[in-house]
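Read-outs: derived from the displayed coordinates by stated rules, not from any lab. Everything quoted here is computed from the prediction, not taken from an experiment. Every residue, glycine as well, gets a Cβ built from its backbone with ideal geometry; the counts of neighbours run over all protein chains shown.
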Amino acid sequence: MPAFVSNSARLHLSRAGFARIALLPLALVATALFLLPMAKLVLVGATGDMGLAAYAAILLEPRYRASLISTVGLAAATTIAALAIATIAGLFLQRHRFPGRAVLIAMLTFPLAFPGVVVGFMIILLAGRQGLIGDLASRLTGEKIVFAYSIQGLFLGYLYFSIPRVILTIMAAVEKLDPALEEAARTLGAGPWAVHRDVIFPALGPAFVASGAIAFATAMGAFGTAFTLATNIDVLPMVIYTEFTLSANITMAAALSVGLGLVAWASLAFARSLSGGTVAAAG
Amino acid sequence: MRDRLIVAGQFLFTALVAAFLIVPAILSMLAGITVNYFRGIASGFTLQWVIQVWDLYSETIARSFLVAGAALLATLVIGVPAAYALIVRGGRLSRAVEEIITLPLAIPGLAIALALLLVYGGFSDFRRSWLFILAGHVIFTLPFMVRAVMAVLATIDVKTLDEGAASLGAGPWRRFRDVIVPNARPGILAGALSVVTLSLGEFNLTWMLHTPLTKTLPVGLADSYASMRLEVASAYTLVFFVMIIPLLVAMQLFADISSGSRSQA
């Protein structure tokens, strides 16, 4: 017995030691390439000519405030629209089996890995100067419609990259719904709308929160799409970019980046505190 | 009758959404091989735009593969041992570490790139090399590797496996190499696919970190969207699709297989 104890103790010790060594590269890389730079970013935002006022300027300076409001508004509108679309399509796809269903699902999730710049180009092909929508419209009505470079175009682009992100989560949640609950509601005389409102949507609540937070955080930080469409709407990432490169206002760029990071992080943290699962944005 | 109408309406809606996502992608692929997109496919097909892209941008394509390969190597070396350590240690510290390394998923790439520039922008040799871009990509992709491996390790009884191997006299390094890594293989593969796909398409960080001599494919794409004719931009996008679609398909197949073997996808 003593031999076993000492053996197990040695195992424990060596495993703890090995685990420490195994964590070392991660600790070094995360510190050098992430923690240190992020700390510097927060510091730079606070130590410019304006001091801490740079952070206050995000809310007080009309140009930054307007940009913050329009970015949050655009991200919120995108999130709501993506959730609505994904719920209708997700419910339909999980409740019906038909030929071509797998292809349809593949089409709906395929743009998941598209970079924002490519999404912007997709919108140009749809609604740009040589776009499909303008082409069809000019054939039908004689009038050419071009809206890729306006806020509608930007919204469409944000929707484009949000739908695939949201729909997978919604479909997974629909699959886990308990059909017995709906059955019970129907037996009690609930109509289709009442079943959706009182049974299905509440049960999908956690999925709405989780995927909505991801969509919102991704839309807040999206840069490539706005960059490609080069709209006159100043979303926050574009303002940060111009402050940094054109105005060389590094303090303000840093302060705005910290603000943007906080909003995106807070929305994910909020969702996680509600749903308890792990929620993360990507891309 | 009314029910069938509703179902037909739902199908139509879903098909329309799918069309919204897929039609522009098809348009861009067609435009990339069309002689004159304005005149339509009636003007005939050509490979001249693809060839032009190759002449202008092949360097960016090669660099993207270099960065993606290096990011994969780095995330394997850093991420797989770390995932094992986080699982066997457990506890509050491990959760805190996991929390910190997943932060780059919540913080916009632009902010991370700016932070990297503020600290390392002054080291001009590093700043000018592709390694600077790699630094950003490693921070961005690392959580995908760590989490994918941790997810698989969490479903198997790592501690018992580990102790079993130890009781047979295997040292910690051998146990890791011969027992843990083979068991974590599905997670490693899933993580590797994510890392390569994300790195190849990364723009938000890379646009800030690149120099005129270290352009990657997505940076070149942004360039061509702003300054090239639509056919060239489309041909370049086509090249990107050809690179990325096999990875996406592999990821999809892989997700199907592993969701079949596990209860949760």
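Taking a Cβ cut-off of under 15 Å around B:Ala111, the surrounding Lys, Arg, Asp and Glu residues balance to a net charge of -1, with basic ones at +1 and acidic ones at -1. Counted residue by residue at 0.36 nm each, then reduced by the alpha carbon distance between them, the extension gain from B:Leu213 to B:Arg177 reaches 9.0 nm. Classify the protein assembly as shown as rounded, prolate or oblate, taking a ≥ b ≥ c as the square roots of the eigenvalues of its Cα gyration tensor: rounded when a/c is under 1.5, otherwise prolate if a/b is larger than b/c and oblate if not. The shape class here is oblate. Between B:Leu66 and B:Met29, full extension at 0.36 nm per residue minus the direct alpha carbon distance yields a gain of 10.8 nm.
Each label point was placed 7 Å from the Cα along the Cα-to-Cβ direction; for A:Val103 and A:Ala172 their separation is 2.7 nm. Inter-chain Cβ neighbour count for B:134-145, averaged per residue, equals 3 (cutoff 10 Å, partner chain atoms only). Taking a ≥ b ≥ c as the square roots of the eigenvalues of the alpha carbon gyration tensor, chain B is oblate, as a/c is not under 1.5 and a/b does not beat b/c. Both radii are taken from the alpha-carbon atoms of the stretch B:65-211; with Rh as the Kirkwood radius, Rg/Rh is 1.04. Within 12 Å, Cβ to Cβ, of A:Ala19, how many net charges do the neighbouring residues add up to if Lys/Arg are +1 and Asp/Glu are -1? Neighbour charge sum, excluding A:Ala19 itself: +4.
Roughly how far apart, in whole Å, are the Cα centres of the stretch A:90-136 and the stretch B:1-61? One Cα centre to the other: 9 Å. To the nearest ten degrees, helix B:2-32 and the longest principal axis of the Cα atoms of chain B are 80 degrees apart. The modelled label-to-label distance for the pair B:Ile6/A:Gln152, using points 7 Å beyond Cα in the direction of Cβ, is 3.2 nm. For the pair the stretch A:167-195 / the stretch B:198-212, the C-alpha centres are spaced 43 Å from each other.
Assuming a ≥ b ≥ c are the square roots of the Cα gyration tensor eigenvalues, decide whether the stretch A:116-169 counts as rounded (a/c under 1.5), prolate (otherwise, with a/b larger than b/c) or oblate. Taking the square roots of the gyration eigenvalues as a ≥ b ≥ c, the stretch A:116-169 is prolate.
Computed over chain B with a Gaussian network model linking Cα atoms closer than 10 Å, the most mobile of B:Arg95, B:Arg39, B:Arg63 is B:Arg39.
Taking the number of Cβ atoms within 10 Å of each Cβ as an exposure proxy, the fewest-first ranking of B:Leu110, B:Leu193 is B:Leu193, B:Leu110.
Using R₀ = 25 Å, calculate the FRET efficiency as 1/(1 + (r/R₀)^6) where r is the Cβ-Cβ separation of B:Arg95 and B:Arg185; round to 0.05. In this case the efficiency is close to 0.50. Considering only B:Leu16, B:Leu200, B:Leu73, the Gaussian network model of chain B with Cα springs below 10 Å gives its largest mean-square fluctuation to B:Leu16. Local charge for A:Ser211 was computed over the other residues whose Cβ lies under 13 Å away, with Lys and Arg +1 and Asp and Glu -1, and equals +2.
Ordered by the number of other Cβ atoms lying within 10 Å of each residue's own Cβ, fewest first, A:Ser70, B:Ser234, A:Ser138 fall into the sequence A:Ser138, A:Ser70, B:Ser234.
When the Gaussian network model of chain A links Cα atoms closer than 10 Å, the mean-square fluctuations of A:Pro99, A:Pro206, A:Pro179 top out at A:Pro99.
For the stretch A:52-275, the fraction of C-alpha pairs farther apart than 22 angstrom is 60 percent. For B:Thr34, the residues whose modelled amide H falls within less than 5 Å of its own, excluding neighbours fewer than 5 places apart on the same chain, are B:Thr46.
Comparing Cα centroids, the stretch A:218-255 and the stretch A:34-72 end up 13 angstrom apart.
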